[in-house]
Amino acid sequence: MRVEEKKQHRFRRLNNFDEVGKGFTEQDAKKEAERCLQCKNPTCVKGCPLGIDIPSFIKEIKEDSPFSAVKKIKEQNPLPSVCGRICHNENLCEAACIQGENAISIRLLERFCAEKEALSQTTLKKPKKNKKTIAIIGSGPAGMTVAGILAPYGYTITMFEAMHLPGGVLRFGIPEFRMSRDVVNAEFTYLEHLGVKIQKNSILGKSFSLEEMRDTYDAVFVGVGASIPKFIDIPGENLNGVYSANEYMIRTNLMRGNSFPGHHTPLKKHKKTVVIGGGNLALDAARTARRMGADVTMLFKRSFDELPAKRSEVVNAQEEGIELLMMTYAKQILGEGAVQGIECTPMMLGEMDEFGEKKHVPIEDSEFLIDCDSVIISMGQRPHRIHELQCYSNGSIMVDDQMRASMKGVFSGGDVVAGEPSLLKAISDGKKAAASIHDFLSGDMF
Ligand code: SF4
């Protein structure tokens, strides 16, 4: 049987923003690691987009060597403390584990190793500087990966961040109850120790142009993410009390609206909030609104089994009293000036579409109302278009297989290339881009 993670009590957690999952103790980790069969053909590795040597790092835990374990993980993943908390493990390595329903808790073992390393306070040697300079625009996971891989080679690296704190989506998108800010802060302390400079409040296209960056630095990496929210274009979306999930999360995670008056950026407390969407961001916004004191209902137009959010977080949300209304579509938001309710339509399965799947269609004349004073819309994001680079119609940057963008010396990766958020894609693009930048600066490319 899997070793279960201890969690903060469901009643207590509504009164704070502390991490819900407590991770593994030494004993838990050892017990869980003992269950790994050390498969000769480890299917879990095939399920990991970063290709971490999972059985080897688990073996190190078994043998009481968590530092060797974290070293093993870091050969492929520079951010184990982040992935150890928010990776989509249930659909990836753990879904591929040969033990099926009793799959090894790979994510929690990864978190355990990263926590051990963080506690050890090992003194890092400062790298010897070379003469080459790199600008990293955007300090989210893609930029952090590039900086973390290249700084030890001695490059002089400056990261430019639009906000007043670094971390991109890891800071403004992920609530503290899923990942403590200490984790993000520790990653930047590490990067700064390696000599990476972080320049905050610096916006591409306003504070500087891409051409200026390219002329000033030997190489430039653009990892500015995808942060323009998509809406659904229904009546009432402009009423007071309607938020995009992005805005709502920035107001709490970055502006600390939940800590007013300790911070000077209040966030209105609502009585009843309806969240539209079924992804992780929708769930994070719903759980945040719940902690802000609202009763919360989530609307999703497909079935429970089709919810894209992480299943363990869905369980947490249900424990916290969030109502999930599946197969329900938001027709219009009602109110005069401010939100007073939302009109919904139940859905059913209709005829097959061209992919052989049943279409979700509204059930006619079955509309119903939910009284609410706020609505959070979470229908995905897209990137800001960067006009100096060739982009696709959705604004995502075109790159080649070595993450080179259309301007010489400029590389890109992460959500601004993918067009939508994905932590593992950001890390894997960051790894590829770092290798290409290193080749480029060593004169092996072009
Ligand atoms: Fe261990 Fe599961 Fe991977 Fe086999 S598939 S090596 S049991 S984690």
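Coordinate-derived values only; no laboratory data. These numbers come from a predicted model, not from an experiment. Reconstructed Cβ throughout: ideal geometry from the backbone, glycine too, with neighbour counts over all protein chains shown.
Laid out as a table, the results:
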quantity	calculated
Distance-filtered residues of the stretch 155-185 - backbone nitrogen under 17 Å, label point 7 angstrom along Thr133 Cα→Cβ	155-161
Most fluctuating residue given options Pro235, Pro362, Pro42, as computed from a GNM of the chain linking Cα atoms under 10 Å	Pro235
20 Å reach of a label modelled at Asp439, 7 Å along Cα-to-Cβ, counting backbone N of the stretch 201-235	218-223
The chain: angle of helix 106-120 to the longest principal axis, Cα-based, in degrees nearest 10	50 degrees
Per-residue Cβ neighbour rank within 10 angstrom, fewest leading, Val45, Val410, Val274	Val45, Val410, Val274
Proxy reagent accessibility, fewest Cβ within 10 Å first, across Asp365, Asp28	Asp365, Asp28
Helix 423-441 vs. the chain, principal-axis angle (Cα, 0 to 90°, nearest 10)	30 degrees
Built amide H within the under 5 Å cut-off of Arg302, gap 5+	Met327, Thr328
Within the chain, helix-based [θ] at 222 nm, where runs of 4 or more DSSP H residues each add -39,500 (n - 2.57), nearest 500	-9000 deg cm²/dmol
Cα pair distances exceeding 30 angstrom across the chain, given as percent	48 percent
Globularity index of the stretch 293-446, i.e. its alpha-carbon radius of gyration over 2.2 N^0.38 Å	1.46
Choice from Ala245, Ala338, Ala330 showing the highest fluctuation, given a GNM over the chain with Cα pairs closer than 10 Å	Ala338
Pairs beyond 18 Å (Cα-Cα), from Lys72/Lys425; Lys230/Lys331; Lys46/Lys425	Lys72/Lys425
Sorted by Cβ neighbour density within 10 Å, fewest at the top, the residues Ile232, Ile276, Ile86	Ile232, Ile86, Ile276
Convex hull (Cα only) mean projected area of the stretch 158-275, reported in nm² to one decimal	9.8 nm²
For the stretch 274-287, Karplus couplings with θ = phi - 60° (6.51, -1.76, 1.60), whole Hz, Gly/Pro x	10, 9, 9, x, x, x, 4, 5, 4, 5, 4, 5, 4, 6
Degrees separating the helix 181-193 axis from the principal Cα axis of the chain, which is the longest one	20 degrees
Amide hydrogen neighbours beyond the local backbone of Met348, cut-off 5 Å, H modeled	Val361, Ile363
The stretch 12-120, relative contact order in percent, only Cα pairs under 8 angstrom and at least six apart counted	33 percent
Taking the stretch 137-288 and dividing mean pair separation by its residue count, relative contact order in percent (alpha carbons under 8 Å, at least six apart)	27 percent
Ile376 long-range amide H proximity, modeled H, under 5 Å	Tyr243, Val274, Val275, Ile276
Highest-first arrangement of 151-157, 262-268, where packing means the average Cβ count within 10 Å	151-157, 262-268
The stretch 12-120: projected area of the alpha-carbon convex hull, averaged over directions, in nm²	7.2 nm²
Residue of Ile228, Ile363, Ile137 that the Gaussian network model of the chain assigns the largest fluctuation, springs spanning Cα pairs under 10 Å	Ile363
